[in-house]
1. Tell me, yes or no, whether the range 61-71 has at least one residue that is assigned to a helix (DSSP H, G or I) and either open to solvent by 40 Å² or more (accessible area, probe 1.4 Å) or of a type in the set (D, E, K, R) (or both).
2. State all residues of the range 36-50 that are farther than 16 Å from residue 21 by Cα and either open to solvent by 60 Å² or more (accessible area, probe 1.4 Å) or in a loop (DSSP other than H, G, I, E, B) (or both); if no residue qualifies, say none.
3. Which one of these does residue 7 not meet: (1) out of contact with any strand residue (DSSP E or B) (no Cβ under 7 Å at 6 or more places or on another chain); (2) outside any loop (DSSP other than H, G, I, E, B); (3) free of Cβ contacts under 8 Å to residues at least 40 places away in the same chain?
4. Can you pull out the residues in the range 1-20 that are of a type in the set (Val, Ile, Thr) and open to solvent by 20 Å² or more (accessible area, probe 1.4 Å)?
5. Tell me which residues, restricted to the range 21-35, are open to solvent by less than 50 Å² (accessible area, probe 1.4 Å) and not in a strand (DSSP E or B).
6. Output the number of residues of the range 6-21 satisfying the condition of being over 16 Å from residue 50 (Cβ atoms) and either modelled with pLDDT under 95 or touching a Leu at 6+ places or on another chain (Cβ under 8 Å) (or both).
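The values are calculated or read from the model by the stated rules, or taken from the named source; none is laboratory data. Because the structure is a prediction, the values reported are computed rather than measured. With ideal geometry, Cβ positions are generated from the backbone for all residues, glycine too; neighbour counts draw on all protein chains shown. The accessibility values were calculated without ligands, DNA or RNA, using every heavy atom of the protein model including side chains. Shrake-Rupley method; radii C 1.70, N 1.55, O 1.52, S 1.80 Å.
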Amino acid sequence: MRWPDVRTAHPNRWLVIEALEAHSVEGQRSLDRIAVIETCTDGAAAMRCYNQLHRQYPQREFYFVHTSRETLEILES
């Protein structure tokens, strides 16, 4: 899915997403295709879920986000 489709499907929700296809542009990650891994009740739950998944699958690219954001701005670290 693309971010606009995710926002439509999950309005005003905290999500844990995975970047399935992504690239870098000027120090930011641009997520071309994403999968919704988990919907969460609040930001703290999303962060816990993200941390658990990140520990379990460190090679995969997970993020926790809220769908109120029109665009995803993810800085590379």
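1. The first filter runs over the range 61-71 and keeps only residues assigned to a helix (DSSP H, G or I), leaving none.
Within the range 61-71 (the criterion being assigned to a helix (DSSP H, G or I) and either open to solvent by 40 Å² or more (accessible area, probe 1.4 Å) or of a type in the set (D, E, K, R) (or both)), the answer is no, since none of the residues qualifies.
2. Matches in the range 36-50: 38, 41, 42, 47, 48.
3. Status for residue 7: all satisfied but (3).
4. Filtering the range 1-20 down to residues of a type in the set (Val, Ile, Thr) leaves 6, 8, 16-17.
The one that is of a type in the set (Val, Ile, Thr) and open to solvent by 20 Å² or more (accessible area, probe 1.4 Å): 8.
5. 27 - this is the single residue of the range 21-35 that is open to solvent by less than 50 Å² (accessible area, probe 1.4 Å) and not in a strand (DSSP E or B).
6. Counting residues in the range 6-21 that are over 16 Å from residue 50 (Cβ atoms) and either modelled with pLDDT under 95 or touching a Leu at 6+ places or on another chain (Cβ under 8 Å) (or both) gives 1.
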